[in-house]
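Presented below is the structure to which this report refers.
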Amino acid sequence: MAISDHVDFPAFIEGVKRRNPGQSEFVQAVQEVAEDIFDFIQDKEQYHHYQILRRIAEPDRVVSFRVCWEDDKGNIRVQRGWRVQNNNSIGPYKGGIRFHPSVTESVLKFLAFEQTFKNALTGLPMGGGKGGANFNPKGKSDHEVMRFCQSFMTELYRHVGADVDVPAGDIGVGGREIGYMFGQYKRITNQFTGVLTGKGLEYGGSLIRTEATGYGAVYFLMNMLKEKGQDLVGKAVVISGSGNVATHAAEKVVQLGGRVMTLSDSQGFIHDPDGIDQEKIDWVKTHKTRRRGRIAEYVETFTGATFHEGKTPWGVPCDVALPCATQNELLGEDARTLVANGCMAVAEGANMPTNLEGVHVFKDAKILFAPGKAANAGGVAVSGLEMSQNSGRISWKEAELQQLLLDIMEGIHSRCLEYGRRGDYVDYVKGANIAGFKKVADAMLAYGVV
Ligand code: GLU
């Protein structure tokens, strides 16, 4: 046996920290996965010998580049862009692009790492990647956003392709940004291919892609509740965020008989004791996406609601919590409050919204807890279906896609059960980590040392 074969968990994490100095989000994501994988592989010599976890936690490559653009006043602005290609063992790199001032290499490496397992869980042939820039689209004019997207793609186009790496949207990147980037890719390469997903329906996009992440998270929640003989009817649901994921999760909760109590943005949350119904959700969608407004303004239109500045919604008593905003928005103390208030289920619509301490609180309390890599996989799953439609130069009907999304979320749930059931309790974190890992790991074993 080679000397490096059997490092233990603490030594492995120390190594990850040493090799990725200052990258706390990346270390956090690796640690959460490694806790479960070490358990799983302890008696599986091949995974140790071939250093599979060590290799998955080392991105295939990280491309970093300068993005220059000119604002409306004629100032030259300089941003940093990245594409992290984590692992393409089971398909082309796939994952969103995030434009937000908080974007760093660490954040994108954590997201690309998570994406690798998430994409494997969908059962579709997609590897893991993520990209973005520390650009803030808030407060920018359409033309500023267009110039930024064009400049970003002028470098990115060399690294992506329909069979190489297929980006999509994420925080700060929606239909408008995808349109500008696709237009620039097409202009540079003179090729109309499925190089991006989340495209407009007129130019190769898929029906239900917009709804898929939020709807998928609630479908996953329904599968968890069903396992316990329960459903959403009459349940109070606390949701964070007010973007694409949060509003579509809210919509599906309402359709299935639940009561949505809260939504939020980076400035605070609104609490509507009358419940946020479809009409109010439609108002939020228009207000946030078309008018690019703030959630605080909700209370001016719906006067029964209150706005809580600078706060997250986890103190509002509920049966179910859906964190749909961003990473590390739900901390250990929030998790303890939710459990104390009788919350029975949490499904992560965002990526890693619960910190490690919070995850341990939920696991110790044995409430239903679905990690993002399982619960929010509906978005990338429909992206995978968009890729298939683009390759076949066809468009599937809405009913077919809705059914496929339901089936994929049910499939992910079953995969989690397979590896996460412990008597009466299902450890969905463990189930998702092991099921996602196993598929990628077995493909890597087939390739030998590459
Ligand atoms: N950004 C989304 C995610 O975190 C979607 C990625 C995609 O569709 O490629 O999964």
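The values are calculated or read from the model by the stated rules, or taken from the named source; none is laboratory data. Small disclaimer: the values here were computed from a predicted structure and weren't measured. Note that we place each Cβ from the backbone using ideal geometry, even for glycine, and neighbour counts take in every protein chain shown. Each accessible area value is taken on the protein alone, full model and side chains, heavy atoms only, with ligands, DNA and RNA left out. Shrake-Rupley method; radii C 1.70, N 1.55, O 1.52, S 1.80 Å.
The single condition among (1) assigned to a loop (DSSP other than H, G, I, E, B); (2) away from the ligand (no atom under 11 Å from the Cβ); (3) in contact with a Gly (Cβ under 8 Å, 6 or more places away or on another chain) that residue 81 does not satisfy is (1).
Candidates in the range 114-140 are the residues that are more than 12 Å from the ligand (Cβ to nearest atom) and under 20 Å from residue 349 (Cα atoms); of these, the one that is most open to solvent (accessible area, probe 1.4 Å) is 123.
A count restricted to the range 17-38 and to residues that are assigned to a helix (DSSP H, G or I) and open to solvent by 50 Å² or more (accessible area, probe 1.4 Å) stands at 5.
Just a yes or no: is a residue in the range 329-351 over 22 Å from residue 409 (Cβ atoms), out of contact with any Phe, Trp or Tyr (no Cβ under 7 Å at 6 or more places or on another chain) and within 16 Å of the ligand (Cβ to nearest atom)? There is at least one residue in the range 329-351 that is over 22 Å from residue 409 (Cβ atoms), out of contact with any Phe, Trp or Tyr (no Cβ under 7 Å at 6 or more places or on another chain) and within 16 Å of the ligand (Cβ to nearest atom).
Return the residues of the range 141-171 that are within 24 Å of residue 128 (Cβ to Cβ) and either among the aromatic types (Phe, Trp, Tyr) or open to solvent by 30 Å² or more (accessible area, probe 1.4 Å) (or both); say none if nothing qualifies.
152, 155, 157, 158, 159, 162, 163, 164, 170, 171
Highlighted here are the helices (runs of 4 or more DSSP H) found entirely within the range 372-429 that include at least 2 residues which are open to solvent by 70 Å² or more (accessible area, probe 1.4 Å): 398-420. Of all residues in the range 93-113, those that are polar (S, T, N, Q) and open to solvent by less than 10 Å² (accessible area, probe 1.4 Å) total 1.
Criterion applied to 373, 363, 397 was being within 15 Å of the ligand (Cβ to nearest atom) and of a type in the set (Lys, Arg), and the one residue passing it is 373. Of the numbered criteria (1) of a type in the set (A, V, I, L, M, F, W, C); (2) in a strand (DSSP E or B); (3) free of Cβ contacts under 8 Å to residues at least 40 places away in the same chain, the one residue 67 fails is (3).
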